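The values are calculated or read from the model by the stated rules, or taken from the named source; none is laboratory data. Everything quoted here is computed from the prediction, not taken from an experiment. Positions of Cβ are generated from backbone atoms using ideal geometry, with glycine treated the same way; all protein chains shown enter the neighbour counts.
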Amino acid sequence: MNTLPAWDLTPIYPGCDSKEFLEDLHTVVQASKALKADLEAGKADLKQSIERYESVLDYLENLNAYSSACLTTDTSNPLFLKAVSQVEEASLVVQNLEVLFLNHLAQRDDEIEKRTAEGGDLQAYRFPLQELLEEQKHQMAPELEALASDLARSGTDAFSRLQEAMGSSIHTQWDAETVKTVVQLRSDATNADRNVRKLAFEKEFALWKAYEVPFAAALNGVKGTTLTLDKMRGFASPLDRSLFESRIDRPILDALLSTLEESLPLFRTYLKKKARLLGLPSFSFYDLFAPVGKEASHFTYEEAHAFIVKQFSSFSLEMGAFADHAFKARWIDPESRKGKVGGAYDTSFPLAKQSRILLNFDSTYSGVSTLAHELGHAWHDSVVLPKSNLLRTYPMTLAETASIFSEFLVFQGALAESSGEQRLALVEQFVQDATQVCIDILSRFYFETEVFARRLEGELSASELCSIMEEAQKRTYGDGLVEYHPYMWAAKGHYYSSDFSFYNYPYAFGQLFALGLYEKSRHAGSSFPDQYKTLLAATGSLSAREVASLVDIDLADPGFWQQGMDVIATYIEELCDAPLH
């Protein structure tokens with residue numbers, strides 16, 4: 001077996017203790033302090049202050065991405081831990097600068113209006129500066145923002161770390177010889193043996209119940225703080241803040257939600273069919289991820305490289321060449337090894353204008369799909385990295401566009417080369433994933449909406465949280481399931497972030513937006529790859545509505561979202577027509 005390559009980070013920095021890394025760390029702090037002093041003294045020119053602020057952000061993001069990348073490949077390395085801590089300290093200085101910078105913009109709002117108008121020297125910055133001015137209106141006094149930032153470290157951030165630590169380490173006896181953590185129990189959800197899945201679910205349930213008090217306390221702390229701070233900052237609700245940060249409005253969200261809700265019967269039909277394919281009398285939560293069909297062919301890393309480049313090139317030669325370069329330049333770290341984190345991610349380096357991808361490649365089609373997903377993110381990076389900082393920062397709603405689009409290109413290529421049980425496995429995996437992104441995500445949205453409403457009246461007990469969770473799942477999964485998972489609120493770390501409330505609907509947005517774009521590409525001809533690249537380039541400098549309008553899409557029209565859902569429906573119908581064995 002060939003040894004998998006490790007990524008090459010040396011073009012970014014020689015090391016976490018290198019002269020270059022430490023110099024950039026010093027630059028962030030000193031440049032922040034210098035700009036802060038000029039802003040306080042009223043000496044800063046508008047354009048120069050924007051450029052200086054962007055430079056600080058570029059250095060900080062470069063340092064943060066590098067130190068985090070190092071740590072995720074060796075989580076106990078003291079040098080990497082120290083580097084991450086150093087960058088966190090520097091980021092506090094930048095956070096304090098941000099408050100002053102926004103106040104500086106607010107004092108120049110008339111000047112900004114003139115200079116960002118058509119023909120003005122800051123015209124390209126019109127949307128991001130208007131967005132920052134709106135953000136400033138939701139900013140507390142500088143001393144209160146500093147206090148909130150400081151308290152978060154021992155408050156909401158600590159609650160989040162508690163959930164993360166407990167949610168990965170609590171464990172139980174599996175059998176006479178084996179102890180399993182809750183993470184290992186949850187991974188048994190993909191086991192082909194239903195007895196194993198059921199036992200793992202029961203033991204997982206018992207663990208959450210045994211530790212429900214600290215999890216409930218942490219969630220109450222995060223949601224209570226969020227409600228207080230969002231109110232202090234002038235947001236009508238946490239959802240109001242989420243919509244602002246996602247660069248969408250309520251009509252767009254309503255159009256998306258209505259499409260999801262109308263699709264519920266379709267997904268329930270799929271769940272009932274999957275039960276029959278598995279030969280089950282009924283379907284429970286622990287059956288959702290059970291395998292169907294025969295796993296597609298295994299891929300070596302080299303085969304994955306060739307396959308992905310081929311599929312990307314079938315859409316855009318430029319995109320295919322980019323993926324090929326990422327492999328050859330060792331931008332990817334695919335090997336699973338001790339000390340390396342699980343999962344996968346893409347990260348970018350503004351100063352080097354490069355990306356890096358971490359994953360744990362396992363030679364399955366799923367591993368190839370994950371790699372394509374992350375390369376899609378990297379392609380998005382490559383399109384926006386030439387732009388200045390404030391023109392390339394895109395919201396969560398648009399963050400998954402390129403990744404899901406790329407993943408779907410590879411899915412189409414895999415389908416074209418498969419048949420029988422292998423095709424069945426591919427189609428079922430796609431529909432299974434879509435069920436999570438559409439139906440489970442909707443249940444999470446319902447849950448969080450109700451929790452915020454009830455948390456206004458006081459703290460919620462663990463049993464109340466379980467009840468809200470189960471009701472949300474019944475509203476979405478309906479009679480597709482006979483047994484639910486009332487402790488998903490304890491298992492999902494997204495609920496424990498004060499900075500990102502409603503960390504759910506953007507996933508459904510991304511899925512259906514990307515699939516809708518793919519459908520558009522099928523009918524748009526050879527010009528679409530260039531249109532697609534233009535769209536990605538605009539994700540940091542326009543609202544989501546304006547970005548979509550570049551390819552004549554109206555996000556407030558449920559008909560557009562239905563186009564994406566129709567793609568999923570095609571594969572659900574194929575699955576429902578599959579013969580039983």
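Of note:
- A count restricted to the range 347-375 and to residues that are within 30 Å of ILE50 (Cβ to Cβ), without any contact (Cβ under 8 Å) to a residue 40 or more places away in the chain and buried (at least 20 other Cβ atoms within 10 Å of the Cβ) stands at 1.
- Residue in the range 395-449 that is surrounded by the most Cβ atoms within 10 Å (Cβ to Cβ), counting only those that are outside any helix (DSSP H, G or I) and out of contact with any Asp or Glu (no Cβ under 7 Å at 6 or more places or on another chain): GLU400
- Residue pairs whose Cβ atoms lie under 8 Å apart, sitting 6 or more positions apart in sequence or on different chains, and linking a residue in the range 205-230 that is over 21 Å from GLU135 (Cβ atoms) and not assigned by TED's automatic domain parsing to the domain that holds MET488 to a partner that is at pLDDT below 95 and not in a helix (DSSP H, G or I), do not occur here.
- Of residues in the range 263-312 being closer than 16 Å to SER363 by Cβ and buried (at least 16 other Cβ atoms within 10 Å of the Cβ), the one modelled with the lowest pLDDT: ALA296
- Residue ID - nearest to SER498 (Cα to Cα), chosen from residues in the range 181-198 that are out of contact with any Asp or Glu (no Cβ under 8 Å at 6 or more places or on another chain) and free of Cβ contacts under 8 Å to residues at least 60 places away in the same chain: VAL183
- Scanning the range 146-171 for residues that are modelled with pLDDT of 90 or more and either over 20 Å from GLY493 (Cβ atoms) or basic (Lys, Arg) (or both) gives LEU147, ALA148, LEU151.
- Pair list, Cβ < 6 Å and 6+ apart or interchain, from the range 8-34 residues that are closer than 14 Å to GLU61 by Cα to residues that are charged (D, E, K, R): TYR13/GLU20
- Test set (1) modelled with pLDDT of 95 or more; (2) in contact with a strand residue (DSSP E or B) (Cβ under 8 Å, 6 or more places away or on another chain); (3) among the polar types (S, T, N, Q); (4) more than 30 Å from SER543 (Cβ to Cβ) - THR72 fails condition number: (1)
- Which numbered condition PHE215 misses (of (1) in contact with a helix residue (DSSP H, G or I) (Cβ under 9 Å, 6 or more places away or on another chain); (2) at pLDDT below 95): (2)
- Test: residue in the range 351-358 that is part of a loop (DSSP other than H, G, I, E, B), in contact with a helix residue (DSSP H, G or I) (Cβ under 6 Å, 6 or more places away or on another chain) and among the hydrophobic types (A, V, I, L, M, F, W, C): yes
- The listed residues are LEU460, LEU465, and the only one of them that is in contact (Cβ under 8 Å) with a residue 60 or more places away in the chain, under 26 Å from SER168 (Cβ atoms) and outside any helix (DSSP H, G or I) turns out to be LEU460.
- Residue list for the range 466-504, restricted to those being modelled with pLDDT under 95 and of a type in the set (D, E, K, R): LYS492, ASP499
- When each of ASP188, ASP230, ASP175, ASP240 is tested for being modelled with pLDDT under 95, touching a helix residue (DSSP H, G or I) at 6+ places or on another chain (Cβ under 8 Å) and of a type outside the set (S, T, N, Q), the lone residue that passes is ASP188.
- Residue among ALA31, ALA90, ALA65, ALA44 that is crowded, with 19+ Cβ neighbours inside 10 Å, small (Gly, Ala, Ser) and not in a helix (DSSP H, G or I): ALA44
- Residues of the range 177-205 classified as of a type in the set (Gly, Ala, Ser), within 21 Å of LEU277 (Cα to Cα) and in a helix (DSSP H, G or I), total: 1
- Residue selected from the range 504-529 under the condition among the polar types (S, T, N, Q) and without any contact (Cβ under 8 Å) to a residue 24 or more places away in the chain, by the criterion surrounded by the fewest Cβ atoms within 10 Å (Cβ to Cβ): SER526
- Scope the range 377-391; condition over 18 Å from the mean Cα position of the chain (by Cα) and aliphatic (A, V, I, L, M); matching residues: VAL383, LEU385, LEU390, LEU391
- Among all positions in the range 49-61, there is at least one residue which is free of Cβ contacts under 8 Å to residues at least 40 places away in the same chain and under 24 Å from the mean Cα position of the chain (by Cα).
- Selection count where residues are surrounded by 21 or more Cβ atoms within 10 Å (Cβ to Cβ), within 17 Å of LYS223 (Cα to Cα) and of a type outside the set (Ser, Thr, Tyr), scope the range 479-503: 4
- Residues in the range 522-554 that are assigned to a loop (DSSP other than H, G, I, E, B) and more than 21 Å from ASN389 (Cα to Cα): LEU550, VAL551, ASP552, ILE553, ASP554.
- The lone exception for LYS520 - which of (1) at pLDDT below 95; (2) in the same structural domain as PHE452 (by TED's automatic domain parsing); (3) under 22 Å from GLU262 (Cβ atoms) it fails: (2)
- Residues that are surrounded by 17 or more Cβ atoms within 10 Å (Cβ to Cβ) and among the aliphatic types (A, V, I, L, M) within the range 93-120 comprise VAL93, VAL94, LEU97, VAL99, LEU100, LEU102, LEU105, ILE112, listed in sequence order.
- Flag for GLN130 being within 26 Å of the chain's Cα centre (by Cα) and part of a helix (DSSP H, G or I): yes
- Residue that is nearest to VAL383 (Cα to Cα) [pool: residues in the range 278-330 that are aliphatic (A, V, I, L, M) and outside any helix (DSSP H, G or I)]: ALA329
- Residues located in the range 121-130, provided they are surrounded by 18 or more Cβ atoms within 10 Å (Cβ to Cβ) and touching a residue at least 12 places away in the same chain (Cβ under 8 Å): TYR125, PHE127, PRO128, LEU129
- On the stretch given as the range 545-562, residues that are under 22 Å from the mean Cα position of the chain (by Cα) and surrounded by fewer than 22 Cβ atoms within 10 Å (Cβ to Cβ) total 2.
- GLN163 being surrounded by 15 or more Cβ atoms within 10 Å (Cβ to Cβ), assigned by TED's automatic domain parsing to the domain that holds GLU212 and within 24 Å of SER498 (Cα to Cα): yes
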